[in-house]
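Shown next, in structure tokens, is the structure this report addresses.
The values are calculated or read from the model by the stated rules, or taken from the named source; none is laboratory data. Note that this is a predicted model, so its numbers are computed, not measured. Ideal geometry is used to build each Cβ from the backbone, glycine not excepted, and the neighbour counts take in all protein chains shown.
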Amino acid sequence: MPAAMRKRMRIAPRGRVDDPEIIVIPMIDVMMFLLFFFMVASLAMAVQNGIPVNLPKAATSREQNAQTVTITLRADGSTFLNTGRVEIGQLQAKLAALGVTPRTFITINADERVILGRVIAAMDEARKAGVTSFGFATNRR
């Protein structure tokens, strides 16, 4: 073999390898994003328990934050307890099954076209279950 072919490739010696490091800043960014996302998502889910209806407007309406039970009366004649459909005659039994007490606050979402007699019948069934505190949901003008 010629001398030029015998020449070997020289490999540089390896230097000291640094210990691996965990970069914390991107992890903090991801955790803050997840915290923010779940906070916003939980607030969006906790706004209202009832079924959406066309609420009447009132200039003195207030935001109700601590809703526990919602009775929804729709213009088509359907009635809902929280999000489950019920008949007005079943409200007393369903409320008792939920464990309502006289301190339970019930929000009534009644469409503005609902006849007053249906609203009174729903309130009467709730009173039979022991509820004494009611509020009516409205939209601000």
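Side notes on the structure shown:
- Any hit, region 65-76, residues being over 24 Å from the mean Cα position of the chain (by Cα), surrounded by fewer than 10 Cβ atoms within 10 Å (Cβ to Cβ), at pLDDT 90 or above and part of a loop (DSSP other than H, G, I, E, B): yes
- Considering region 77-105, the residues that are out of contact with any strand residue (DSSP E or B) (no Cβ under 8 Å at 6 or more places or on another chain) and in a helix (DSSP H, G or I) include one that is farthest from ASP124 (Cα to Cα), namely ALA97.
- So GLY117, is it part of a helix (DSSP H, G or I) and surrounded by fewer than 19 Cβ atoms within 10 Å (Cβ to Cβ): yes
- Residue within region 84-92 that is loosely packed, with under 12 Cβ neighbours inside 10 Å, of a type in the set (Gly, Ala, Ser) and free of Cβ contacts under 8 Å to residues at least 60 places away in the same chain present: yes
- Each residue in region 12-22 was checked for being among the β-branched types (Val, Ile, Thr) and either at pLDDT 75 or above or surrounded by 10 or more Cβ atoms within 10 Å (Cβ to Cβ) (or both), and 1 of them qualify.
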